[in-house]
Amino acid sequence: MLIKYICVKYIYLFLTIWYNFIGCYKVESIYNKSLGDLEKYFENIKEKKYKATQIFEWLYEKRVSSFDEMSNVKKSVIEKLKQDFIIDKLNVIKEEKDVEVNKYLFELEDKTLVESVLMMHDYGKSLCVSSQVGCNMGCKFCESGRLKKIRNLSPSEMLLQIMTIEEKINTRISHIVIMGIGEPFDNYDNIVKFIEIINNPKGLQIGARHITVSTCGIVPKILEFAKLPYQVNLAISLHAATNSLRDKIMPINKVYNLDMLMDAVKKYINETNRRVTFEYILLDGVNDRKADAIKLCDLVAGINCYINLIPYNETNHLEFKRSKKDTILNFYDIIKKRNINVTIRREFGSKISAACGQLRSKKEDV
Ligand code: SAH
């Protein structure tokens, strides 16, 4: 009786451990791996690390969709790769076109949705990539943030936004802006990995100067980002030049206020020697008066930056209105006269709600 009891107990224990082991052992997208990760992987399985470069060439140059197509890789390695990874795809469920802009709605594996926007510039094609499903930053004027964050996107989910669209349009995308749904610095590690892969000469070969990350101002991550060895562009969503106003429209300001933010930006510039972009949406009667322009100039005086004025894209759900054309031009003039670099952002895709802050992850809005 006792022996029977002990046997049952051990079988139960064994099954529990086995079950947990299987549960943890999930096959991962190969697109989550940087070249360095794959080199380590091959070293761990006692293979030569140059194989990582071969795999990268198959994935990003030849764009194969199965491991079996990797004809210069030996069978045993292909079998091992098949056990550990998948070559996955992203599902486009809707595509809309406007003048010089296409919007793509992706359905992810867990049925959540994100959007990407492709813009045709004279200098090339630029893709606005989403970094999260939903967003927790709660900026009052932003449509994308009406849905709270459900989860972070993995590096592969960001990368596949690019690769899927490139395949559809049969053209290379030369510029990436991480300005779609989500706060990139709230998904920091995945963003860094994503940049590593798209910037790699054996990966998507997108030059660092052609990649822009936009943040609402997560100070510790700006400082961390400054230490990275990439020459990526940094854009800061400023939108207000005083704490009292910024507190009202961007809740992140209550955590990292303007003093902390500007201090981090200065450190970033010292460290990287790079110019920073300040994005400033013009909201009618909120932040677009002459006094606001002067405060903005004072705030950025002496900083190596340029200001991108963004005509607000109105949405059905939010009460903010776009500033009048004259107001926008006057605001621009005040800054220009102070010899600060300033542009008014060219508009794309407002007809198909593909403009900044209009991207959604919500099914009811599809
Ligand atoms: N979370 C990041 C990136 C996503 S938003 C950030 O805050 O920077 C990309 C840019 O679009 C930001 O500057 C954001 O403030 C701006 N934006 C949001 N809603 C907008 C709208 N309705 N019209 C114009 N720009 C908007």
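The values are calculated or read from the model by the stated rules, or taken from the named source; none is laboratory data. Given the structure is predicted, the values throughout are model-derived calculations rather than measurements. Cβ: placed from backbone, ideal geometry, glycine included. Neighbour counts: every protein chain shown. Just so you know, the surface numbers come from the protein's heavy atoms only, side chains and all, with ligands and any DNA or RNA stripped out. Shrake-Rupley method; radii C 1.70, N 1.55, O 1.52, S 1.80 Å.
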For the stretch 128-180, name all the residues that are within 27 Å of Val255 (Cα to Cα), assigned to a helix (DSSP H, G or I) and open to solvent by 20 Å² or more (accessible area, probe 1.4 Å). Arg146
Tally the residues that are exposed (fewer than 13 other Cβ atoms within 10 Å of the Cβ) and farther than 28 Å from Arg151 by Cα, restricting the search to the stretch 69-109. 7
Within the stretch 181-235, take every residue that is part of a loop (DSSP other than H, G, I, E, B), more than 19 Å from Cys135 (Cα to Cα) and of a type in the set (A, V, I, L, M) and give me the one that is farthest from the ligand (Cβ to nearest atom). Leu204
Restrict the check to the stretch 281-290 and report whether at least one residue is away from the ligand (no atom under 16 Å from the Cβ), in contact with a helix residue (DSSP H, G or I) (Cβ under 8 Å, 6 or more places away or on another chain), modelled with pLDDT of 95 or more and part of a helix (DSSP H, G or I). yes
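Could you run through the stretch 161-177 and say how many residues are more than 12 Å from Glu115 (Cα to Cα) and within 14 Å of the chain's Cα centre (by Cα)?
The initial filter retains those residues of the stretch 161-177 that are more than 12 Å from Glu115 (Cα to Cα), namely 163-164, 166-177.
Subsequent filtering for residues that are within 14 Å of the chain's Cα centre (by Cα) retains 175-177.
Residues meeting the conditions: 3.
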Can you confirm whether the stretch 294-313 contains a residue that is without any contact (Cβ under 8 Å) to a residue 24 or more places away in the chain, within 16 Å of the ligand (Cβ to nearest atom) and either closer than 21 Å to Thr215 by Cα or assigned by TED's automatic domain parsing to the domain that holds Cys142 (or both)? no
Considering the stretch 241-280, residues that are within 13 Å of the ligand (Cβ to nearest atom) and closer than 18 Å to Asp333 by Cβ, and then whichever is surrounded by the fewest Cβ atoms within 10 Å (Cβ to Cβ), we arrive at Phe278
Name the one entry in Ile150, Ile178, Ile162 that is at negative phi and within 12 Å of the ligand (Cβ to nearest atom). Ile178
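Could you pull out the residue among Thr272, Thr315 that is among the polar types (S, T, N, Q) and at pLDDT 95 or above?
Numbers: Thr315 fails: at pLDDT 95 or above.
Residue meeting the stated conditions: Thr272.
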If I ask for residues that are within 16 Å of the ligand (Cβ to nearest atom), surrounded by fewer than 20 Cβ atoms within 10 Å (Cβ to Cβ) and touching a residue at least 12 places away in the same chain (Cβ under 8 Å), which ones from the stretch 321-331 would you list? Lys321, Arg322, Lys324, Thr327, Ile328
Restricting attention to the stretch 207-229, and to residues there that are closer than 14 Å to Lys193 by Cα and open to solvent by less than 50 Å² (accessible area, probe 1.4 Å), which single residue is farthest from the chain's Cα centre (by Cα)? Leu228
